[in-house]
Amino acid sequence: MHMHETVARYNELPMLNCNGALVLAVQAKLYHWIDLLGISPAVVEYWPASSAACKAGDVDVLAWMQTKGYLVGSRHQLLDCATHSGQVQVLDWIHAHIDSTVADCTNRPFWPECDPYLGACMSASVDVLNWLQKNTDIVLQYSHLSNYFKSASGGNIKVLDWLMQHVDFTWIHEDLCQIALKLALPTATRNACLPVLKWWRKTLVGRELIDSEMPGEGIPTNMFDSACRTGDLEIVNWWFKDSDPLIKYYTTRDLGLEVCKGWWASETDPAEILEVLYRHDEIDDIEYCIHVASLTGNLRALEWFLPNSSTSHDMASFMEALTRANHGASLLWWKAKVLREIGEVSQPSVTINHEYKNPIHAHIIKSMRISAQLQHPVEACRDGNLSMLMYYQSEDRRYFQKLSEEEVETCLMHASMGDHVHVLQWWRTKSGVKITSCVCASLRSQGSPAAQRWWATSGLCSHL
């Protein structure tokens, strides 16, 4: 079938988003399996496969698809997809093998306006940009300038240089600063691309597109969060030491907190980044940072905060943070470092307001001689937290025997309602509590089906 007829046939179909065998074969470079297995692709698969082949820059697949009659799309559309590959040879092939009279493929779901220059910027290929200028009459779109510069800021200053040389500067003189501040610089920062950051500062300052003082309020941003969380000291250093006046245009928040959220899975010491942020007043709430570092087990951040927190309050910020620390590694660190530095004599009276449900945490807290709230046995039965019940018993062998019959019944009721048969079994065999006939009569028909079966077979209700 001639390509003109193929496109016309495809455009008559209902608009569908298809990922059939042809698309998968093209993406996996297994297109010869289509012939080998005798598969006849549905027409609805033609455009997704054509687009995928162009974006992959695979000339062999395109030639095969054209031979089989599966290739659809106008020259402009196929070039638009092919620019994403960054490969000039696929552009040459499309230019040579797709007639300029082939109609657009209109039956495409969620397809934005075609702009091959945007694909070239995204693929960071100056060669593709030059090819488009030389071989087509497609022009740069003023309405797409922000997307051009944002995409190019992902990592290639040569593409940025190309854009500055080929875009009419009268178009962008007033817009470039806002494009940089709101789109390009955040993109470069999140991609950790220092050369692009330096390029933008040099361009904006050199062309006098930015004032040395930020007028009005700064731009709220979270673009530094990733660098702080992953420990990219190079990016953080540049922004807070060398980016002036760009940094003045942003309003940052809680960057110390972002450091404390991360690092627990990182091999890099956060001390240097915390030091940079501290010197530039970017750690807003030391107490809350310590809270978060304690909650996440971020011991390296805690190590930095220990000597840097206020000594005028006798470690008040650390002791406040301790009221929320519930990470086992953090608790051991508190015991080994903080309380040792404070000393037993000067240690303030501390009560931990967090409810601990883990017996290991409870044991650590006890060894620190600090008062803490533990999960109540009723709540432990409701949650099926048998380990906490066993902890209570290990601390006092007669703990559960001291409970009233009403308290025992409440515990067993919650275990039954929660389908925690293992907790019921523990109460019968290990708690040291005699389950009375009144309790058995009250609970044998309550709870989940599994709990009711347990009561029926437990032997506790046989005399009822």
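Compactness check for segment 397-463: Cα Rg over 2.2 N^0.38 Å is 1.00. Converting the Cα gyration tensor eigenvalues of segment 65-222 into ellipsoid dimensions via √(5λ) gives semi-axes, longest first, of 34, 15, 14 Å. The dipole here belongs to segment 132-232: it is taken about the Cα centre, uses +1 on the Cβ of Lys and Arg and -1 on the Cβ of Asp and Glu, and is about 440 debye. Rounded to the nearest Hz, the phi-derived 3J(HN,Hα) couplings of segment 385-392 under the Karplus curve 6.51 cos²θ - 1.76 cosθ + 1.60 (θ = phi - 60°) are 8, 5, 4, 6, 4, 5, 5, 4, where x marks glycine and proline. The residues MET65, MET122, when put in order of fewest to most other Cβ atoms within 10 Å, stand as MET122, MET65. The average projected area of segment 161-285, computed from the convex hull of its Cα atoms over all directions, is 8.0 nm². Residue order for SER442, SER51, SER74, SER226, fewest other beta carbons within 10 angstrom first, comes to SER442, SER226, SER74, SER51. Scanning residues 5 or more positions from TYR250 or on other chains, those with amide H under 5 Å from its amide H are ILE219, with H placed 1.01 Å from N in the peptide plane.
Seen from ASP60, the other residues with C-beta closer than 13 Å to its C-beta sum to a net charge of +1, counting Lys and Arg as +1 and Asp and Glu as -1. Summing charges over neighbours of CYS440, with a neighbour being any other residue whose Cβ is under 15 Å away from its Cβ, gives +1 when K and R count +1 and D and E count -1. Legend: ranking of residues TYR148, TYR392 from fewest to most surrounding C-beta atoms inside 10 Å; resulting order TYR392, TYR148.
Seen from LEU255, the other residues with C-beta closer than 9 Å to its C-beta sum to a net charge of -4, counting Lys and Arg as +1 and Asp and Glu as -1. Gap in Å between the Cα centre of segment 388-464 and the Cα centre of segment 114-181? If you average the Cα positions of each part, the centres end up 72 Å apart. Listed by chain and number, the lysines whose C-alpha is less than 26 Å from the C-alpha of LYS202, apart from same-chain residues fewer than 8 away, are LYS150, LYS158, LYS182, LYS241, LYS248. Taking amide H atoms as placed 1.01 Å from N in the peptide plane, the amide H of ALA372 lies under 5 Å from those of ILE352, each 5 or more residues away in sequence or on another chain.
Rule-based calculations on the coordinates, nothing more; no lab input. None of the values given here were measured: they were computed from a predicted structure. Positions of Cβ are backbone-derived with ideal geometry, glycine not excepted, and every protein chain shown enters the neighbour counts.
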